[in-house]
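Quick notes on the structure that follows.
The values are calculated or read from the model by the stated rules, or taken from the named source; none is laboratory data. Predicted model only: the values in this text are computed from it and were never measured. Here the Cβ is made from the backbone with ideal geometry for all residues, glycine too, and neighbour counts use every protein chain on show.
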């Protein structure tokens with residue numbers, strides 16, 4: 001990365017945790033990988049139904065490539081009982097990069113998530129053998145009887161990470177979207193095969209920011225100021241095993257901000273009273289990362305965070321000639337739109353609950369940087 | 001309290017922390033004190049503008065008495081620089097019961113809240129002398145630099161409580177709507193002049209229940225399972241200094257669930273993206289308390305929680321002949337409405353954002369008890 005006062009060049013930025021959905025939503029958001037400054041997207045498999053074999057994943061990646069021909073997509077599969085060691089070997093031959101594990105019920109489309117890792121040891125052995133990456137959503141399911149809630153679900157998961165790492169020391173593992181000091185310290189203490197993705201929004205938010213504010217609500221939830229400080233510290237340090245995975249997760253505005261209009265009645269609204277969990281950063285990702293890292297004194301490490309560290313861990317070298325240059329924003333040019341609307345829905349009225357539009361993180365706010 | 005298997009009689013139930021608002025909202029919710037089973041309402045002063053002198057408070061109480069002639073209302077004043085020792089003496093003569101302190105910015109209409117208690121020592125001395133009660137919203141303002149957020153704001157406040165108590169040992173103080181084990185233990189450790197109100201919703205909710213669910217979002221936020229366990233334990237124990245203050249806090253549905261319809265545009269929605277903090281329990285209060293206490297084995301203490309303990313601390317004996325009898329609900333009769341609508345707004349469409357309707361806690365759910 002070369003850096004001048006008013007411009008930064010990043011080699012082939014890569015986002016190692018992306019949700020690109022299906023259907024019209026996929027058509028809307030997949031081109032935003034490139035417009036947000038990313039050259040590579042590591043794509044999550046929690047579709048409906050989830051991607052549980054190599055063929056589904058390859059087909060999905062092809063569908064994404066049609067939507068955004070210039071972008072490099074890495075596909076993943078969903079860890080579940082159907083995923084056998086043989087399927088892992090087929091997937092490796094098909095250049096599928098990793099397998100994602102979701103604990104049951106902790107986030108969007110995770111109802112088929114796992115509860116016990118030991119039954120997957122044969123799968124992990126095949127992954128280690130074929131050099132695939134295990135991506136862990138690092139939370140245990142909430143259980144009030146056991147004292148588990150969304151605030152301590154991540155620290156309570158870390159024992160699983162350590163155990164899998166000790167059983168499979170050569171298996172590359174990524175603890176996804178870490179949100180706590182405990183998780184950062186745990187990954188630091190592991191060997192070089194364990195890394196950690198950190199989202200830009202968790203570098204920015206604490207619990208107060210999502211309390212009653214659907215735009216900032218995601219899973220894992222943002223936590224204490226000291227947890228955010230730990231995430232910032234490890235990025236400021238440039239630790240090689242910590243890097244960008246945006247966990248950019250689009251939801252229709254009508255699901256993010258449910259109302260009597262979108263739900264049809266007050267009865268329906270209060271019966272199904274949840275605001276969708278997920279923060280959408282894809283179309284503003286690189287300028288957002290630069291803006292945030294600069295705010296806590298880590299701009300020098302932008303290249304490590306958004307490209308070098310993740311690419312080294314994933315063994316995905318930067319594509320030549322794919323530098324992205326950022327320059328300082330002037331005036332209003334970096335103001336984030338309040339919504340992104342699917343073109344074929346643009347004619348629909350703001351009050352039409354079927355209108356496909358997604359509210360991004362930082363909607364209406366200014367970023368300090370723009371893509372040149 | 002006499003208790004049979006299927007019926008419970010409670011003497012003159014009293015709610016020692018109520019928000020009854022102004023204007024049309026007040027007209028809608030004030031009669032709900034009685035329909036929710038309460039004979040007395042201790043009314044908070046955080047109106048717009050707040051009630052900062054005796055005359056305003058007396059006038060407000062009169063306005064409530066007109067709306068609900070059978071209910072006993074206790075007025076309070078808002079602690080602020082305008083409140084002098086002389087005004088305290090005037091208020092005591094006018095039978096005003098207490099003074100409420102809000103830290104700046106922590107909840108609805110608290111922008112004029114206080115930051116330093118020592119400047120109020122002359123006021124506290126006058127309150128001690130005139131036997132008035134000090135009601136403390138027990139949170140310090142969030143301050144990320146200092147590590148303070150909505151999750152630890154209450155424990156960090158407890159030093160203020162202890163200091164005021166040690167300076168004014170005869171001043172009766174209520175720590176309002178406690179949400180943490182630390183707060184319960186702190187009040188236990190204080191002398192008999194310090195008590196604590198506990199809301200029914202904090203006996204029911206943990207953080208997971210309000211994450212992305214506006215209906216359950218309030219301040220102070222519900223916290224860890226272990227905190228909820230501490231609140232339940234002290235009610236199950238029947239500790240004499242812990243009692244009901246519902247903190248029932250109505251907000252228009254359009255503020256609780258903001259949408260593009262109510263805000264006018266996606267721009268306005270995401271710019272002002274907050275869901276109002278407050279849970280509305282007034283119209284279902286006594287059956288809700290019975291239902292919750294029974295769920296954790298404390299039904300025997302219902303009378304202490306909703307009447308005896310609070311009345312003893314506040315020196316407000318039960319009015320004779322004001323027993324309320326609960327019986328077990330049969331079929332659908334205890335199903336909580338999804339909204340309460342102001343009668344003069346009943347004709348408005350569900351999509352009209354000016355329609356004054358309030359979504360209650362437990363909307364659409366069944367309670368185990370009804371008022372006979």
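Which of the residues that make up region A:234-262 are closer than 27 Å to residue A:193 by Cα and either at the interface with another protein chain (Cβ under 10 Å from one of its Cβ atoms) or in a helix (DSSP H, G or I) (or both)? Before you say what the answer is, go through the steps one by one.
The first filter runs over region A:234-262 and keeps only residues closer than 27 Å to residue A:193 by Cα, leaving A:234-249.
Matches in region A:234-262: A:234, A:235, A:236, A:237.
If you check A:349, A:344 for being exposed (fewer than 15 other Cβ atoms within 10 Å of the Cβ) and within 11 Å of another protein chain (Cβ to nearest Cβ), only one passes: A:349.
Out of everything in region B:35-48 that is closer than 13 Å to residue B:286 by Cβ and surrounded by 19 or more Cβ atoms within 10 Å (Cβ to Cβ), what residue ends up being nearest to the chain's Cα centre (by Cα)? Break it down into steps so the answer makes sense when it comes.
Filtering region B:35-48 for residues closer than 13 Å to residue B:286 by Cβ gives B:35-41.
Cutting the leftovers down to surrounded by 19 or more Cβ atoms within 10 Å (Cβ to Cβ) gives us B:36-41.
On the way: B:36: 14, B:37: 15, B:38: 13, B:39: 15, B:40: 13, B:41: 10 Å.
For region B:35-48, the residue satisfying everything is B:41.
Residue count for region B:72-93 satisfying the condition of being out of contact with any strand residue (DSSP E or B) (no Cβ under 9 Å at 6 or more places or on another chain) and modelled with pLDDT of 95 or more: 7.
Could you please find all residues in region A:263-278 being assigned to a helix (DSSP H, G or I) and facing another protein chain (nearest Cβ under 7 Å)?
From region A:263-278, those assigned to a helix (DSSP H, G or I) are A:263, A:266-271; that's our starting set.
Those that are assigned to a helix (DSSP H, G or I) and facing another protein chain (nearest Cβ under 7 Å): A:266, A:267, A:269, A:270, A:271.
Among the residues of region B:13-24, the ones that are outside any loop (DSSP other than H, G, I, E, B) and either crowded, with 24+ Cβ neighbours inside 10 Å or in contact with a strand residue (DSSP E or B) (Cβ under 8 Å, 6 or more places away or on another chain) (or both) come to 5 in all. Taking the numbered list (1) part of a helix (DSSP H, G or I); (2) over 20 Å from the mean Cα position of the chain (by Cα) in turn, residue A:349 passes all entries but (1).
Against the definition (modelled with pLDDT of 95 or more and in a loop (DSSP other than H, G, I, E, B)), how does residue A:69 come out, yes or no? Yes; evaluated as a whole, the condition is true for this residue. Do we have any residue at all in region B:258-281 that's in contact with a helix residue (DSSP H, G or I) (Cβ under 7 Å, 6 or more places away or on another chain), buried (at least 18 other Cβ atoms within 10 Å of the Cβ), at pLDDT below 95 and more than 26 Å from residue B:21 (Cα to Cα)? Yes, there is a match, as at least one residue in region B:258-281 is in contact with a helix residue (DSSP H, G or I) (Cβ under 7 Å, 6 or more places away or on another chain), buried (at least 18 other Cβ atoms within 10 Å of the Cβ), at pLDDT below 95 and more than 26 Å from residue B:21 (Cα to Cα).
Of the residues in region A:219-233, at least one is more than 13 Å from chain B (Cβ to nearest Cβ) and more than 30 Å from residue B:217 (Cα to Cα).
Let me confirm something: among B:200, B:141, B:214, which residue is surrounded by fewer than 21 Cβ atoms within 10 Å (Cβ to Cβ) and touching a residue at least 24 places away in the same chain (Cβ under 8 Å)? Spell out how you get there, then give the answer.
Values: B:200 fails: surrounded by fewer than 21 Cβ atoms within 10 Å (Cβ to Cβ); B:214 fails: surrounded by fewer than 21 Cβ atoms within 10 Å (Cβ to Cβ).
Of B:200, B:141, B:214, the one residue that is surrounded by fewer than 21 Cβ atoms within 10 Å (Cβ to Cβ) and touching a residue at least 24 places away in the same chain (Cβ under 8 Å) is B:141.
Look at residue B:299 and say whether it is more than 10 Å from chain A (Cβ to nearest Cβ) and touching a helix residue (DSSP H, G or I) at 6+ places or on another chain (Cβ under 6 Å). Yes. Checking each residue in region B:316-334 for being buried (at least 16 other Cβ atoms within 10 Å of the Cβ) and either assigned to a loop (DSSP other than H, G, I, E, B) or at pLDDT below 95 (or both) picks out B:316, B:318, B:322, B:329, B:334.
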